[in-house]
Amino acid sequence: MNKVNNKARQEFRAYLAGQGLKSTRQRELVLDEFLGDGRHFSTEELYLRLRKKHPSIGYATVYRTLRLFAECGIAQQRHFGDGQTRYESVARDEHHDHLICTGCGKIVEFENSQIEELQHKVAIEHGFTIENHRLELYGLCNDCG
């Protein structure tokens, strides 16, 4: 278990305790799967993945647990134009942007210092201070294009 995931686990457990909620085995299973992959999961995707290993886990448990992750700050809800809410771990400190395939829904994270510098330059030219930003590029991946 890496330090970042361990911190997220501690934050989640502290949040549950602060809300008077229990840290259950099923919530821990959802947390393990969510933190282990680094993907952008919809509730259904994570549920189907967990059901393969843990048939007793319910959809409602996964749904509620992902919402708890967002409430406590270890996950962020993302919307990539496909009508599904996806959850992304915010445990990682580095900023990244996204390429989203409009054919198959594939999501690729990338970092590019030149893009970041250009955004900073544009903001300065317009007397603007960037507090936060997202860059999402939509198109077709090699498999779909």
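Brief remarks follow.
- Filter result (small (Gly, Ala, Ser), crowded, with 17+ Cβ neighbours inside 10 Å and over 22 Å from His133 (Cβ atoms)) within the range 42-101: Ser42
- Test set (1) within 30 Å of Cys144 (Cβ to Cβ); (2) touching a residue at least 60 places away in the same chain (Cβ under 8 Å) - Cys101 fails condition number: (2)
- The residue that is modelled with the highest pLDDT, counting only those in the range 102-140 that are assigned to a strand (DSSP E or B) and of a type in the set (A, V, I, L, M), is Leu137.
- Contact annotation: residue pairs with Cβ atoms under 6 Å, 6 or more positions apart or on different chains, pairing a residue in the range 115-131 that is farther than 21 Å from Leu99 by Cβ with a partner that is outside any helix (DSSP H, G or I) and not polar (S, T, N, Q), are Ala123/Ile130.
- Among the residues of the range 10-41, the ones that are at pLDDT 90 or above and surrounded by 18 or more Cβ atoms within 10 Å (Cβ to Cβ) come to 7 in all.
The values are calculated or read from the model by the stated rules, or taken from the named source; none is laboratory data. Please read all numbers here as calculations on a predicted model, not as lab measurements. Glycine also receives a Cβ, built like all others from the backbone with ideal geometry; neighbour counts cover every protein chain displayed.
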